[in-house]
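For reference, the structure is listed below as C-alpha cells.
The values are calculated or read from the model by the stated rules, or taken from the named source; none is laboratory data. None of these values were measured; they are calculated from a predicted model. When we count neighbours, we look across all protein chains shown, and the Cβ atoms used for this are built from the backbone with ideal geometry, even at glycine. SASA here: full protein model, heavy atoms, side chains in, ligands and nucleic acids out. Shrake-Rupley method; radii C 1.70, N 1.55, O 1.52, S 1.80 Å.
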Protein chains: 2
Amino acid sequence: MEDRILMAHGSGGKLAKQLTEEVFLPAFGNSLLAPLEDASVFSLPRGKVGMTTDSYVVKPLFFPGGDIGRLAVSGTVNDLAVSGAVPMYLSAGFILEEGLPLSTLKRVVSSMAATAREAGVKIITGDTKVVEKGMADGLYINTAGVGWVDERCQLGAKSIRPGDQIIVTGSLGEHGVAILAAREGLELNPEVLSDVAPLNKMLQELLETAPGIKAMRDPTRGGLVTTLNEWAETAGVAIRLKEENLTVLPQVAGACELFGFDPLYLANEGKAVIALPAEEVPAALKVLHRHHYGKGAAVVGEVTGERPGMVILETSIGGQRIIDMLAGEQLPRIC
Amino acid sequence: MEDRILMAHGSGGKLAKQLTEEVFLPAFGNSLLAPLEDASVFSLPRGKVGMTTDSYVVKPLFFPGGDIGRLAVSGTVNDLAVSGAVPMYLSAGFILEEGLPLSTLKRVVSSMAATAREAGVKIITGDTKVVEKGMADGLYINTAGVGWVDERCQLGAKSIRPGDQIIVTGSLGEHGVAILAAREGLELNPEVLSDVAPLNKMLQELLETAPGIKAMRDPTRGGLVTTLNEWAETAGVAIRLKEENLTVLPQVAGACELFGFDPLYLANEGKAVIALPAEEVPAALKVLHRHHYGKGAAVVGEVTGERPGMVILETSIGGQRIIDMLAGEQLPRIC
C-alpha cells in the first residue's frame, strides 16, 4: 500500500476500497460497519433519538493530552451526553490532504477507535474525501452521533430558574492552553495536558442520580463564559459566578497571563457545566467526585432573577463585573 | 454583518452566533433546530434506524444543474433511500475558508434548504468551523442523515442471486460531465446538466410496489461499474450488462471521447441502480416511469452464476469484455 494519501484514495475505486479495508475496518470494525453499504441500519431502545454533529479542524493534529481523533469522538459523544442522550453510534467523515502520511491517518484512526471503546460507542458509517495538496491542513474530521433519549428526559436551558446552582466538573482552560503551548512551542512546567475526554458514562450516572438537572453543556469554543451567557439569555435569568470557586491550574493561569487570554473563555473538551436545583447538589457532587473526570467538580455559581441575561463574576477581592461573550476569537482552530 | 467570513465566525462567540441567527436559522428554520442546544432530540416511528454520512468537496462549488448545497443534501438523502430508509433528519457541518464571500455561503445554504424541502427532510443540527485562507477551497460540507427503516426491510447486496435483473433509473455520466465542463470551460451544445437530485420519494414508492428488491445503490464516485463490481463480489455472482440498454446522452459520450473517460465510470448524483427478481420488473418500471427522476429507467443487465465476482459488458457489436473497478481516479473532487 502507498505510504502517502493520493487523490485516488478518494475515488471510490480500488485504492479507496483498500484504504477502507486496511485502515478503517481493522480499527473501527463492528458488525454494522462491516457490510459497507451506503447506510448502516440498527435498532434503538424505545424512546427518543438525539443527534448532533461537529467538524474538527484542530491545529496541530497531535497535542499534549490528545489528538484530533480523540477530540472528534469525545466532542460528539459529549454533545449527546449533555443533551441527555446515551451516545450509541457515530459516523466519521474524513477530508484528507493529498500527501498526508498514511501513518498519520492510522495514528488518528487508532485514537478514535480507542476513545470510542472508552465511551462505549460504535463508529458505524463513514466517508473519505481527498483534496489536493494545499486545500486542507493535513486532515479534517466530521463526526455525527446518535443516541437514545429516555422519554422522560426534559433537559433544556429554558427551564433554568433563580435559585438553581451551577456546577463545573473540574478546572478550566486546559485544552486551550495545551493547544496554545503546542502551537507556540511553549514549555510549561509541569506540562499542561488537554482535558479531552468522553464524559458520557459519568453524566449518565449523574442524570440517574439527579433527575432534576435542568441543563448541561460542555464548554468548548468560547469557554465557560459563552455557555453561561447563552443560558442566561435563553432562560431570562442572571448567573452569578464566584471567582474563588473556579479552579484554574497555576500553569494555565500563567500561560493566560503571558498571552493575554482569560481562562474563563478558553475551550475545555472534558468538562461539563450543569444547572440544577439546590437540593440535588449534594447527590450530584457525590457521583461526580467518584469519577476520574469529575474529581474536581464544585458549585461555582448560582442563578438569580435580578439582571436577566447577564453573567456576573464576583471576584475574589469582593468586586463584581459583567462578563459578556467575546465578539471575536481568542484562539482559532481549537477544535 | 461582515460580507466575508472571518476566523471569528468559527469562534463560538458573538459572530458565530450572528452567522447562525442570520444565515442558518432563516434558511433551515424548524422547531428542532431552533433551540440550538448541543444535540437535537426527536422521535422516530417504531422500527429500525438508518444512518449515513458524506463530506462534500466538489469543485467548483456551482456547476450546471446544481451546486455543493444541493449535492450535500441529495447525496445523503440518496444513501439513506437506497438502504431502504425513509430519510428524516440531517446534520450539516460546514468548514469555511477565511475570506469566503458571505453571499456564496448564503447561496449554498439556500440551495440546501430548497433541496431539503423537496426531499421532505429537516436539517436539525449543525456546526461551523473556519480555517485560514489557503486551508480549504472555499467551503466543504459534511451531512449525516438518519431515517426510519421498516422492520421488514432486508436490503443488502448479499441476497442478490442469479436470475435477478439490474435496473438503472436513467442515463449515465451527466454529473461527471457537468463538473468536467465547468472545470475545463468546455461548451457543450446542448449544455449537460448534473443529474443531482433527491430520489427518496421515488425509491420509497418503488420499495412499496416491489418489496422483493434485493439491493439499491446510487452510483456516484466510480460510477455504475464500481457499484456493480462491489455487488458481484459481495454476492459471489456475475453481472452481465447489455451495452445497447445503457443510455448515455450524445454530448456526454462526446465529452468522454474528448477527455478519454468512460461514462460507465463517471459519477451520477440522481440515479439509482436496482437489483430485483425478474417477476417484479414490470411493476418496478411502471412506478419509476411515473416519476420525473425515473423516466429513463430500463433493465440494463442481469445476474448470472457463471463467473463469480465479474462484471461483463456485452457490447453492441456482439463482443464481451470484463469491466473491473478502476485503481485510480477518473476525475477527482466530483462530490
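Observations on the model:
- Members of the stretch B:29-55 found to be surrounded by fewer than 24 Cβ atoms within 10 Å (Cβ to Cβ) and over 19 Å from A:Lys48 (Cα atoms), listed by number: B:Gly29
- Within the stretch A:1-28, the set of residues being assigned to a loop (DSSP other than H, G, I, E, B) and aliphatic (A, V, I, L, M) comprises A:Met1, A:Ile5, A:Leu6.
- Residue among B:Ala116, B:Ala92, B:Ala144 that is in contact with a helix residue (DSSP H, G or I) (Cβ under 9 Å, 6 or more places away or on another chain), aliphatic (A, V, I, L, M) and part of a helix (DSSP H, G or I): B:Ala116
- Filter result (closer than 19 Å to B:Asn30 by Cα and either without any contact (Cβ under 8 Å) to a residue 40 or more places away in the chain or open to solvent by less than 10 Å² (accessible area, probe 1.4 Å) (or both)) within the stretch B:88-110: B:Leu90, B:Ser91, B:Ala92, B:Gly93, B:Phe94, B:Val108, B:Val109
- Search result, residues across the stretch A:288-305 that are among the charged types (D, E, K, R) and either part of a helix (DSSP H, G or I) or at pLDDT below 95 (or both): A:Arg290
- Among the numbered conditions (1) more than 8 Å from every other protein chain (Cβ to nearest Cβ); (2) over 24 Å from B:Leu155 (Cβ atoms); (3) in contact (Cβ under 8 Å) with a residue 12 or more places away in the chain, the only one that B:Val57 does not meet is (1).
- Some residue of the stretch B:182-198 being open to solvent by less than 30 Å² (accessible area, probe 1.4 Å) and in a helix (DSSP H, G or I): no
- Any hit, the stretch B:298-314, residues being among the hydroxyl-bearing types (Ser, Thr, Tyr), more than 20 Å from the chain's Cα centre (by Cα) and open to solvent by less than 40 Å² (accessible area, probe 1.4 Å): yes
- B:Asn78 within 13 Å of chain A (Cβ to nearest Cβ) and in a helix (DSSP H, G or I): yes
- Candidates B:Gly176, B:Gly138: the one that is within 13 Å of another protein chain (Cβ to nearest Cβ), within 28 Å of B:Ala255 (Cα to Cα) and within 18 Å of the chain's Cα centre (by Cα) is B:Gly176.
- Number of residues in the stretch A:99-128 that are farther than 29 Å from B:Leu32 by Cα and in contact with a Phe, Trp or Tyr (Cβ under 7 Å, 6 or more places away or on another chain) equals 2.
- Given (1) open to solvent by less than 10 Å² (accessible area, probe 1.4 Å); (2) within 14 Å of another protein chain (Cβ to nearest Cβ); (3) of a type in the set (Gly, Ala, Ser), number of the condition B:Gly69 does not satisfy: (2)
- Condition met for A:Gly47 (touching a strand residue (DSSP E or B) at 6+ places or on another chain (Cβ under 9 Å) and at pLDDT below 95): yes
- So B:Ala157, is it more than 8 Å from every other protein chain (Cβ to nearest Cβ) and either of a type in the set (Ser, Thr, Tyr) or under 21 Å from the mean Cα position of the chain (by Cα) (or both): no
- A:Pro26 vs. criteria within 12 Å of chain B (Cβ to nearest Cβ), open to solvent by 30 Å² or more (accessible area, probe 1.4 Å) and over 19 Å from the mean Cα position of the chain (by Cα): no
- Residue match in the stretch A:29-43 (condition: at pLDDT 95 or above, of a type in the set (Val, Ile, Thr) and either out of contact with any strand residue (DSSP E or B) (no Cβ under 6 Å at 6 or more places or on another chain) or assigned to a strand (DSSP E or B) (or both)): no
- Within the stretch B:114-125, the only residue that satisfies the criterion of being surrounded by fewer than 24 Cβ atoms within 10 Å (Cβ to Cβ) and more than 18 Å from B:Val86 (Cα to Cα) is B:Ala114.
- Put simply, of B:Val300, B:Val311, B:Val281, B:Val287 the only residue that is farther than 30 Å from A:Leu15 by Cα and in contact with a Leu (Cβ under 6 Å, 6 or more places away or on another chain) is B:Val287.
- If the condition is being touching a strand residue (DSSP E or B) at 6+ places or on another chain (Cβ under 6 Å) and polar (S, T, N, Q), then the stretch A:165-186 contributes only A:Gln165.
- Test: residue in the stretch B:158-169 that is at pLDDT 95 or above, assigned to a helix (DSSP H, G or I) and in contact with a Gly (Cβ under 6 Å, 6 or more places away or on another chain): no
- Check on A:Thr104, at pLDDT 95 or above, assigned to a helix (DSSP H, G or I) and among the hydroxyl-bearing types (Ser, Thr, Tyr): yes
- Some residue of the stretch B:237-255 being of a type in the set (Lys, Arg), under 26 Å from B:Gly84 (Cβ atoms) and under 20 Å from the mean Cα position of the chain (by Cα): no
- When residues of the stretch B:310-331 are limited to those that are in contact (Cβ under 8 Å) with a residue 12 or more places away in the chain and in contact with a Ser or Thr (Cβ under 9 Å, 6 or more places away or on another chain), the one farthest from the other protein chains (Cβ to nearest Cβ): B:Ile312
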